[in-house]
Amino acid sequence: MPTNLALIGCGAISQSFYLPALAKHRGEIGRLWLVDPNDEARSAAATVLAARQVRRLSEIDEEVDRVIIATPNPLHFPVACEALRRNADVLLEKPFVIWPQEGRSLIENADAKGKLIAINQTRRFLPLAKALRRHVVNGDFGAIQSVVHREGTKLVWPYSSGAGFSQGVQRTGVIMDFGVHVIDFYHYVLQPEWRFASAVHDGFAGPEGLAEIELVANHAPVSIRLSRYQKQENVARLVFERAVVSFDVYSPGAYSVEWNARGAGRPSTRNGDPERRTVAENLLLNFLAASEKREEPVCDARSSLPVIELLDEIYRCSHLYPADLGNV
């Protein structure tokens, strides 16, 4: 039976990601609402996907089975709480909350109601992530020894609201932007116990654009450098007991494996499984299926909470970049 669904937030992420996927799978959804206080944002969304338009969720007087929340980050928690009060399953844009206590509250609330909170941690849906996770689970590479990840480009995202740059805004810079994706990727692939080591960033007077984070995954050092200012190397190198795995951080499937003396084989290039659908489609379909208990969610709030807790520690324990090291 088709499900009724409300898309809350019709800005850039909805127009580039959610709306095309919803339009392609419109037949699997019954009544559909576009929810946004901005008239122009709603109208632009309606050019992609015909749906009823309202300014806020409370204006919908019919039953809503599923809710996708693509609002600015500070609104994720209160809007998700409202959706749960209406007994809706929820798909939340990342980061699903800013503060760990909000995440724990949502999980407790959803569990009490028997509802799903799924999270858009996009990189879990990439062929690369699924292939590497399979190798790690199977023990093909042996234990992880170290990770070096360098990622960044000049910021060009078409923000609609500008909420992430408002005066007094907290935790909206590069760490919460795509740092949450990077850490969640390694959380999903390696499934480690995390420990914070150190971090520096340049965002103590506003959203940070540059960050260097040192973590420990099990006993392995993890070095992450993120930048919104200019292009970085955009490569990752994972050293395991038996092999070294390398990949372009913006490539969805290809990665190289170089076996060492403890491995079994010669240097080779592997590829993740090919995908017939876009990441957005896979996320949407997994959300719908998981909410109907037909399959497990690829990323739910409980599996994402350790990443939020780690990000919280990173922000609380970071130091400020020296003036001559910023903006690189």
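For the condition on the phi < 0 side of the Ramachandran plot, at pLDDT 90 or above and outside any helix (DSSP H, G or I), what is the one hit in Val169, Val147, Val156, Val180? Break it down stepwise before answering.
On the way: Val169 fails: at pLDDT 90 or above; Val156 fails: at pLDDT 90 or above; Val180 fails: outside any helix (DSSP H, G or I).
Of Val169, Val147, Val156, Val180, the one residue that is on the phi < 0 side of the Ramachandran plot, at pLDDT 90 or above and outside any helix (DSSP H, G or I) is Val147.
In this structure, is Arg86 surrounded by fewer than 20 Cβ atoms within 10 Å (Cβ to Cβ) and farther than 25 Å from Glu292 by Cβ?
no
Do any residues in segment 41-52 that are touching a residue at least 60 places away in the same chain (Cβ under 8 Å) and on the phi > 0 side of the Ramachandran plot have Cβ atoms under 9 Å from those of residues that are crowded, with 19+ Cβ neighbours inside 10 Å and not in a helix (DSSP H, G or I), where the two are at least six apart or on different chains, and which pairs are they?
So the pair list comes out empty.
Out of Ala51, Ala45, Ala80, Ala129, report the one residue that is in contact with a strand residue (DSSP E or B) (Cβ under 6 Å, 6 or more places away or on another chain) and within 26 Å of Arg294 (Cα to Cα).
When all the criteria are applied, what remains is Ala80.
Do we have Ala51 as surrounded by 19 or more Cβ atoms within 10 Å (Cβ to Cβ) and farther than 25 Å from Gln121 by Cβ here? Steps first, answer last, please.
Details: surrounded by 19 or more Cβ atoms within 10 Å (Cβ to Cβ): yes; farther than 25 Å from Gln121 by Cβ: yes.
For Ala51, the condition - surrounded by 19 or more Cβ atoms within 10 Å (Cβ to Cβ) and farther than 25 Å from Gln121 by Cβ - is met.
Given (1) within 25 Å of Ile119 (Cα to Cα); (2) surrounded by 21 or more Cβ atoms within 10 Å (Cβ to Cβ), where does Arg195 come up short, assuming only one miss?
Only one criterion is unmet by Arg195, namely (2).
Just the residues that are among the β-branched types (Val, Ile, Thr) and crowded, with 22+ Cβ neighbours inside 10 Å, please, taken from segment 170-179. If you could, list the steps in order and put the result at the bottom.
At the first step, the residues of segment 170-179 found to be among the β-branched types (Val, Ile, Thr) are 172, 174-175.
Val174, Ile175, listed by residue number.
Provide a single number: the residues in segment 101-117 that are surrounded by fewer than 17 Cβ atoms within 10 Å (Cβ to Cβ), part of a loop (DSSP other than H, G, I, E, B) and hydrophobic (A, V, I, L, M, F, W, C).
Looking only at that region, the number is 0.
β-branched (Val, Ile, Thr) and in contact with a Gly (Cβ under 6 Å, 6 or more places away or on another chain) - does that describe any residue in segment 117-127?
Taking segment 117-127 first, the residues β-branched (Val, Ile, Thr) are 117, 119, 122.
From the residues that got through so far, the ones that are in contact with a Gly (Cβ under 6 Å, 6 or more places away or on another chain) too are none.
For segment 117-127, residues β-branched (Val, Ile, Thr) and in contact with a Gly (Cβ under 6 Å, 6 or more places away or on another chain): absent.
The values are calculated or read from the model by the stated rules, or taken from the named source; none is laboratory data. These numbers were taken from a predicted model, which means no experiment stands behind them. Cβ sites come from the backbone with ideal geometry, for glycine too, and all protein chains shown count toward neighbours.
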